[in-house]
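Colleague: First the structure, then my questions, so here it is.
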Amino acid sequence: VNTAMIHYYFDTKEKLLVSVIDRIMSDLAAILSEIDFDALTWEQRLEEFVGSYFDYVRGHPNFSKLTRMAAGIKNRELLEEQIADFFGPLLQAGVAFIQAGIDAGCFRPVDPEQLVLSLYCATVSWFSDAPFLSLLVGHDVTHEDVVLSRRDHLIELAFRAVGAERKEIQ
């Protein structure tokens, strides 16, 4: 690929970046739309909510690098459109889910936005900072067993945060 081809198909490098992010975001939307949350208990919903997002980030290891690149693009309007069209509504859906669980009396009162952002950061940073974390702890944090343990830990953390009982570890 050369610069001329980028400009031919996307006009600018920024638009190429936005196109790539749009594609990985549509993957996340597809994963979340496949879950029939209405058929699940609140505890099962929480397990799916956290686990599915973790699995998504695991499958898109460059997710955080791309979103950081998007934050630095010169055409701020492109990023603002993505936030307005996808990131913002996705965050609000997560917040609404936690709030609905609180309103239903299934989750203890917490700040839903802070919880969702904490889960986001704890998930994304695990993969984006894997080389540093591996050096820090003295073993490969991307090893299958370690990643599955991390996934389970974050789900358990979410359950403890909302005061729900996790009946079965998957």
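The values are calculated or read from the model by the stated rules, or taken from the named source; none is laboratory data. Worth saying up front: this structure is predicted, and the values here are computed from it rather than measured. As a convention, Cβ positions derive from the backbone with ideal geometry for all residues, glycine included, and neighbour counts pool all protein chains shown. The accessibility values were calculated without ligands, DNA or RNA, using every heavy atom of the protein model including side chains. Shrake-Rupley method; radii C 1.70, N 1.55, O 1.52, S 1.80 Å.
Colleague: At least 2 residues that are of a type in the set (D, E, K, R) and in contact (Cβ under 8 Å) with a residue 12 or more places away in the chain in each: list the helices (runs of 4 or more DSSP H) lying fully within the stretch 99-170 that qualify.
Modeller: On the way: elements: 112-128, 130-137, 144-162.
Those helices (runs of 4 or more DSSP H) span 144-162.
Colleague: Also, quick follow-up: What is the residue count in the stretch 32-47 for residues that are under 15 Å from the mean Cα position of the chain (by Cα), open to solvent by 50 Å² or more (accessible area, probe 1.4 Å) and among the acidic types (Asp, Glu)? Show your work before the answer.
Modeller: Within the stretch 32-47, the first condition is being under 15 Å from the mean Cα position of the chain (by Cα), and the residues that meet it are 32-33, 46-47.
In the following step, the residues that additionally are open to solvent by 50 Å² or more (accessible area, probe 1.4 Å) were identified as 33.
From what's left, among the acidic types (Asp, Glu): none.
Final tally of qualifying residues: 0.
Colleague: Right, another one. Just checking, does the stretch 12-31 include any residue being at pLDDT 80 or above and either open to solvent by 60 Å² or more (accessible area, probe 1.4 Å) or of a type outside the set (D, E, K, R) (or both)?
Modeller: There is no residue in the stretch 12-31 that is at pLDDT 80 or above and either open to solvent by 60 Å² or more (accessible area, probe 1.4 Å) or of a type outside the set (D, E, K, R) (or both).
Colleague: Identify the residue in the stretch 32-66 that is β-branched (Val, Ile, Thr) and in contact with a helix residue (DSSP H, G or I) (Cβ under 7 Å, 6 or more places away or on another chain) and, among all such residues, is modelled with the lowest pLDDT.
Modeller: Going through the qualifying residues, I end up with ILE35.
Colleague: Identify all residues within the stretch 67-96 that are modelled with pLDDT of 70 or more, more than 14 Å from the chain's Cα centre (by Cα), open to solvent by less than 80 Å² (accessible area, probe 1.4 Å) and over 30 Å from PRO131 (Cβ atoms); write none if there are none.
Modeller: ALA84, ALA96
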